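Each value in this text was obtained by applying a stated rule to the coordinates, not by laboratory testing. Everything numeric here is computed off the predicted structure, so don't read it as measured data. Cβ placement follows ideal geometry from the backbone for every residue including glycine, while neighbour counts extend to all protein chains displayed.
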Amino acid sequence: MSKGEDKFSSVLKLTEFDYIVPSQICIKPVEIEKSNDSGNSKIQIESDGKYVEISEDGTKKSLEKATITLNDCLACSGCITSAESVLITAQSISEFLLNVNNNNDDSNNQDEKKTIVITLSPQSRASLASHFKISTLSVVKKLKTFFKKLNINYLFDSSFSRDFSLLESAAEFVARYKKTYINNNNDGETGELEPFPLPMLSSACPGWICYAEKTHGEFILPFISTTKSPQQIMGTLVKYYFTEKILNNTNNNNNNNNNNNNNNNNNNNNNNNNNNNNNNNNNNNNNNNNNNNNNNNNNNSKTKPSNIYHVTIMPCYDKKLEASRNDFYNDIFKTKDVDCVLSTTEILDLFKEKEIDFLSLEEDSSIEEQFFQLSPSNQFYSINGSSGGYLEFIYKYAAKELFNVDIIEPIQYKIGRNQDFKEVSLEIDGKKVLNFAQAYGFRNIQNIVRKIKTNITTKKDTNSQYDFVEIMACPSGCINGGGQIKADAIKENKAILLETEEKYNENVILRQPIDNQSVQNIYNTWLNSCFSTDSKTNLHTQYHRIEKTTNALNIKW
């Protein structure tokens, strides 16, 4: 397996022992130009893996690899190959620096300047803290200093958008549960929910989503939560809410100040008119023209979503795939919700590229309060669970909303065959009313999918099935994502994982998403409450079955 290949989650790797499509290779490995020959040329694979075209007269011609975008990969029936085979042009350090350098180029048109926003995941924050042996707070403050050197405008925290994802997921689950077990049963129906049945499967992991779309298609997709991941919700907030409500309001306030100054000038001009009407009338006309021009320029300078360059720092290479989905591209503004995704390890490469000694950087204490989860005592607001805490939050939320049961004590999980599989259930009067599970890693995902199929085909009692499953492609979840900083030795990696987990839970205050006043303010002023029509439009998405393709190049010779 190549060095680059192990950075994607196991469900997206392509090897001899691939779980999805054994021995399949990329269906677009080479680019073949049209020629005027008789069509008798052959393609030969050399010992070094290069593709060579041999013409009828024996002449050999090397074939160039095609540039394959992430959209090509998502649209094909295979899966992501190694980083060397798939040229991820828009999701790299070089592309990131190209955009930053262009933005800093004074020779460029000022109207083309972009506001650069970086969103940092708590998992990446913990991995960097573990690697540099410093606190997570120091990591954030040093990153702030580093990004300021690059003239980057804002540093946000994806924990903020995670609160939206948790609230929307919980509300969605309650709606599915009521429709399945309560409303339908009252109507004397079968209890089946179309097109969104139970169990509801979490949707925050792009590796799992990609696998589901390509392998199980229409069968499994209705079970997946429609709520966007924290990364993509932050993309929506940055490109639309932040642009509209904050940046443009700031511009408007500046414009109002300018208008007040202009009015004062006009008043002064009117006073001067008493002394010299003719000359001052001309001056007033000029001032009015200038005011009109200023107003026109102010309208033209209104920030659009396409004026934002949004970069996320994530623990997972699969997030690059997620950001490249067509569902997260706006045709009107010609922009993606997330323009570039950098993994945690790529941040180390970025330090090397810029010749930065991270530990020697000063710590910048200025933090954007709007989209950053930091308390007045400089502690990070968090929730239990280093993969987002979906199972625990939705379980407690559903218990309260559906059965008026407050779960205050720590949840006691039943561990399965391995630590990456857990179960918990709620019983009322001896009847199991909620049955939740957590499945990390591909083998556990396979077992979940198999169990869902069995329950549907055999029409087993609904009490024996799960109501919700938190699914993550990586063993141990997001804290162990393929983009996290790792060691070469397995034993060392286990120690690093434990330390990273400790750093994740360091200097945190547990706070329920519903208690986040900034989140509630956005719900009230922009989305018209949780799980409303506006929330479903902005914070939810859809999935697509990807048809398998039969191609001669699928064959491994």
Long-range amide H partners of Leu374 with built H, under 5 Å:
Tyr381
Would you pull out the residues with amide H under 5 Å of Met314's amide H, same chain only if 5 or more places away, H placed 1.01 Å from N?
Leu342, Ser343, Thr344
Going highest first, how would you order 99-108, 337-346, 240-249 by mean Cβ packing within 10 Å?
337-346, 240-249, 99-108
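Could you size up the charge dipole of segment 101-229 around its Cα centre, putting +1 on the beta carbon of Lys and Arg and -1 on that of Asp and Glu, and report it in debye to the nearest 20?
Values: 15 positive and 14 negative charges, 210 e Å.
Dipole of segment 101-229, to the nearest 20 debye: 1000 debye.
Taking the Cα centre of segment 385-451 as origin, sum charge times position over the Cβ atoms of Lys and Arg (+1) and Asp and Glu (-1), and report the length of that vector in debye to the nearest 20.
On the way: 10 positive and 8 negative charges, 87 e Å.
With only Lys, Arg, Asp and Glu charged at Cβ, the dipole is about 420 debye.
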Residue by residue, what Karplus-based ³J(HN,Hα) values in Hz, rounded to whole numbers, does segment 526-533 have, using 6.51, -1.76 and 1.60 with θ = phi - 60° and x for Gly and Pro?
10, 10, 6, 5, 5, 6, 7, 4
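For a protection proxy built on the mean count of beta-carbon atoms within 10 angstrom, sort 487-500, 136-149 highest first, please.
Working: 487-500: 13.6, 136-149: 19.4.
Those peptides, ordered most packed to least, come out 136-149, 487-500.
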Which peptide among 226-233, 175-182, 409-416 comes first, and what is the full order, when sorted by highest mean count of other Cβ atoms within 10 Å?
226-233, 175-182, 409-416
Treating only the Cβ atoms of Lys and Arg (+1) and Asp and Glu (-1) as charged, compute the dipole magnitude of segment 339-429 about its Cα centre; round to the nearest 20 debye.
560
